[in-house]
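Contents: one structure, followed by commentary.
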Amino acid sequence: MRLLNNTNIPFVNYRKIAYMISLILIVAGLIGLFVRGLNWSIDFTSGVAAKVNLSPLDSSVEPVQIDELRNVLKNNGYPEAEIQHVGPIQDASFMIKVKSESSTAEVSGETKNEILGIIIENFPKHVEGRDINKDVIEEIYEVGPKVGSELRTNAILAVVIALILMIIYIWFRFELIFGLMAIVALAHDVIIIVGIFALTGKEITIQIIAALLTIVGYSINDTIVIFDRIREDLKIRRKEPLDEVINFSVNETLSRTIITSGTTFITALSLYLFGGTVLHDFAFAICLGVIFGTYSSIYIASSLVIDVTHATKNEKKAAQKLSRRK
Amino acid sequence: MKKFSWRGLSIIIFICVTLFYLAPLAIPNLPRWWSSHVLKLGLDIKGGMQILLEVDTSELSTADARGAVDQNIKIIRERIDQYGVAEPSIQKLGENRIMVQLPGVSDYQAAENLIKQTAMLEFKVVATQEEAQRVIDTIDANIKANLDKFPALKELADKDREIIGADSSGVDTESSVFSSLIRPSQDGFVVQYDTIRLVQDLLANPEFMQMVPAGWELALERINAENPRSDRPIHVLSSAVELSGADIARARVEYGSATSTDPRIANKPYVSIEMKREGARKFERVTADNVGKRLAIVLDGVVYSAPNIQERIGGGRAQITGRFTTSEANELAIVLNTGSLIAPIKPVSTSIIGATLGSDSIRSGSTAGLIGLAVVMVFMLIYYKLSGLITDLALIFNVGFILAMLTAFGGTLTLPGIAGIILTIGMAVDANVLVFERIREELDHGKTPRSAVDAGYKRATITVWDANITTLIAAAVLYQFGTGPIRGFAITLTIGIIGSMFCALVFVRSIFENYIVTGTKKTLSI
């Protein structure tokens, strides 16, 4: 069985349209970033996130309404607490978040105990007869201010350092121009995905940072497979213009590109659909990453190499230098 | 195999190591040295608690500070061991942080208290009623002179004046602003529930400490667990430390008999302490000198109990009573036995994961993984036929290899780690796909299966290396900057990449060369 055998799709001819699409996506992403900002999770802002289950043992007790809970917390010194239902309403599972950045109350090491105390005191019927530690608390995260800001710096630093190390590697293995364009493609992917997170208001958790770095790894992997082929084809087709060689290489690797991104996408999709709530956003980011990573390898990284070398009148030199490498 | 080859040997080692580390998961009754190598599950799967603590070494000299963190770790480890947690993990992070992970712990509050308690035990003589009154009067006078330093008290004084009314403007609320917070009781003073918070803040305020006459100090009594909203006694203590935790040889939980006449211990747990020889001598002297007075047992600045000294007590035994629950008494005994922390610590971040959430997560995580694996395997089989089957075999080995290596390196399987394995499944076929597509091209160019396989591997190997090294860079950076679960993810990703490269470039290739394209076969199922 074969898909896409011996294709000769003129990918590079459509690159101007692709640039426009990418530009629109990037601008939309940046607008999202600057207008709405990122919804950093407790890991980064510091504060408390507590998931509690308040379904009463006694079925005659009225279930807790979300507004009731909000009012109780408001009256006890936490007016900025964000409260959400987790799962179906009848489960009475709530996620309560108090972020230090937006809270007037001082968030300290005791905040989680205070919030729990408030809940236990105000909803005695809903916690009665149940083990607070085992049945009521589903999860709690408490992050001190110092750790939160440290983590944010580290996360940004991690993405930047990974990018720099990759430029160096590709520079060493290919040509500087290829390395730079590969990184432009990566930045493109990261900006669009982070932009989508900003626009949809999804939280940036530590897991999302991990997903971003995985995407970076995946996308560069995809780009390099094409670059590798370009390097090889340049040796064989010395006479042909760079854009034709590149188009040829993209076509040659196309079936591999489709199969690998397909299998990766399937596993990420399976995580998204069946992986449970905790991995939901993580899988969502990876799915987006596979789509944009594959697209950017062809339309950003490879296409930009053509245009940038052309603009700098560097085509011949870059091609020659590259074809000499192993 | 006809003759020795490095590749054959490496495959045999690869398979043996994988089987060795996976066996304990499948076979129940292995010898201990073998079964102890079993994959650990992370907190996010098992449930439990994780606390990141920071050691405050600001009060210590640089030389002491260095040792303090390690010393604290030792003490915390002992406390946790005595508390009884299976497989705790206590690590030093950076210069002055300690990461404590307690899988399966369900009483979070107790565990946190046990760990973070400084546990500085002191015995101090309680002031007599007259002495105490004098101290409080002095505090009142001092505060009146410095009322500006205590905005909360100033506000209180103003409010009191308003309540009394305009006609009594001569009433001086300021001169008794502190003593208005406390009330005399039959054997000392108490603080009303509403003002406890204010008094606690005052006691922690260094400005306030200067208001207390030298040689004396104030301390609240422990919260009454049976009635947390009741008033709390406050004691005036002599600052001299008569005995400290260092004088204690052993602490143990005991139960008062039901018939005991002392209501504090009747039918209740209490902690009995035995002193070292030197301590016993000190204790005897203190009790002899202070008959008729009370002796306060103070832990971390809170009075646990303050019994009357009826007579001189020899033998170096004492009891700490204080309406404990059994678990509280247990914790107290543990912290007394393990000694006090060298430098105070405070939690900077805490995660608590309920066991239900964890088991739900692992169930859905593995479902997702199996579905993903099945779809990918079926696809490979249809698309590459026999060669796809070999890849599928390698894929299963690869997943096994990841789990085995995680076990071997003492890693833990976290939820992001499972996600890492699932993604590896998707990406692991990449190396094979690269090679297979290349072999197909070579076949298209009219080569024989044998030379197509050789050429395909030769060409694709460079690509596989280039592509994977960059992913390894991303994983290494993740490992360096991440903590906990993210490190788990980075490790699984790294092992997965190495495993998939090995499977594709060594394992699958060997099968090809030895069984599929042997001799002069004309066709290749790919």
Worksheet item: What is the spin-label model distance, in nm, from B:ARG250 to B:GLU284 if the labels are put 7 Å beyond Cα along the C-beta direction?
Response: 2.0 nm
Worksheet item: Assigning unit charges at the beta carbon (Lys, Arg +1; Asp, Glu -1) and nothing else, what dipole magnitude in debye, to the nearest 20, does segment B:49-103 show about its Cα centre?
Response: 140 debye
Response to the item:
Among A:ASN76, B:VAL125, B:SER36, the residue whose Cα sits farthest towards the positive end of the charge dipole of the protein assembly as shown, when +1 is placed on the Cβ of each Lys and Arg and -1 on the Cβ of each Asp and Glu, is B:SER36
Practice prompt. Summarise the partner chain shielding of A:248-255 as one whole number: the mean count of Cβ atoms from other chains within 10 Å of each residue's Cβ.
Written response: 2
Worksheet entry | Rounded to the nearest 20 debye, dipole of segment A:47-143 from Cβ charges on Lys, Arg, Asp, Glu | 80 debye
Discussion item. Roughly how far apart, in whole Å, are the Cα centres of segment A:193-207 and segment A:233-276?
Written reply: 27 Å
Response to the item:
Per the Kirkwood formula over distinct C-alpha pairs, the hydrodynamic radius of the protein assembly as shown in angstrom is 31.6 Å
Fill in: Loop-located trypsin sites (Lys or Arg not before Pro) in segment A:1-64, at most 15 other Cβ atoms within 10 Å (DSSP)
A:ARG2
Fill in: Lys pairs under 29 Å by Cα in segment B:236-346, provided they are eight or more residues apart or on distinct chains
5
Worksheet item: Put +1 on the Cβ of every Lys and Arg and -1 on every Asp and Glu Cβ in chain B; which of B:VAL302, B:THR424, B:PRO151 then has its Cα farthest towards the positive end of the dipole?
Response: B:THR424
Worksheet item: Tell me which aspartates and glutamates have Cα within less than 14 Å of B:LYS116's Cα, excluding those fewer than 8 residues away on the same chain?
Response: A:GLU110, B:GLU54, B:ASP56, B:GLU78, B:ASP300, B:GLU331
Worksheet, complete the sentence: Of the DSSP H helices in chain A, the ones reaching 18 Å or more along their long axis in Cα terms and averaging at least 0.0 in Kyte-Doolittle hydropathy are A:15-31, A:145-173, A:176-200, A:206-236, A:254-274, A:277-296
Discussion item. Please enumerate, by chain and number, the lysines with C-alpha under 24 Å from the C-alpha of B:LYS522, excluding those fewer than 8 residues away in the same chain.
Written reply: B:LYS2, B:LYS385, B:LYS447, B:LYS458
Response to the item:
Mean Cβ-within-10 Å packing, highest first, puts peptides B:70-83, A:268-281 in the order A:268-281, B:70-83
Practice prompt. Restrict the search to segment A:102-183; then list the GluC sites (Glu not before Pro) that DSSP places in a loop and that have at most 11 other Cβ atoms within 10 Å of their Cβ.
Written response: A:GLU106
Worksheet item: Taking segment A:47-143, how many lysine pairs are there with alpha carbons less than 21 Å apart, if each pair must be eight or more places apart or span two chains?
Response: 16
Discussion item. Using the Cα centre of chain A as origin and beta-carbon charges of +1 (Lys, Arg) and -1 (Asp, Glu), tell me which of A:GLY262, A:VAL216, A:ALA185 is placed farthest towards the positive end of the dipole.
Written reply: A:ALA185
Worksheet, complete the sentence: Calculated from DSSP helices alone, with each H run of at least 4 adding -39500 (n - 2.57) and the total divided by the residues of chain A, [θ]222 nm to the nearest 500 comes to -20500 deg cm²/dmol
Worksheet item: Once whole DSSP H runs in chain B are found, which of them have Cα atoms spread over 27 Å or more along the helix axis and a mean Kyte-Doolittle score of at least 1.0?
Response: B:6-26, B:355-408
Response to the item:
Rounded to the nearest Å, the spacing of the alpha-carbon centers of segment B:456-483 and segment A:139-173 is 18 Å
Worksheet item: Helix-derived [θ] at 222 nm for chain B: sum -39500 (n - 2.57) over DSSP H runs of at least 4, divide by residue count, nearest 500?
Response: -17000 deg cm²/dmol
Worksheet item: About its Cα centre, how strong a charge dipole does the protein assembly as shown have in debye, to the nearest 20, once Lys and Arg get +1 and Asp and Glu get -1 at the Cβ?
Response: 5120 debye
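Read-outs throughout are calculated quantities, based only on the coordinates presented, and are distinct from any laboratory measurement. What you see is a predicted model; the values in this text were computed from it and never measured. Quick reminder, even Gly has a Cβ in these numbers, built from the backbone with ideal geometry, and neighbours come from all protein chains shown.
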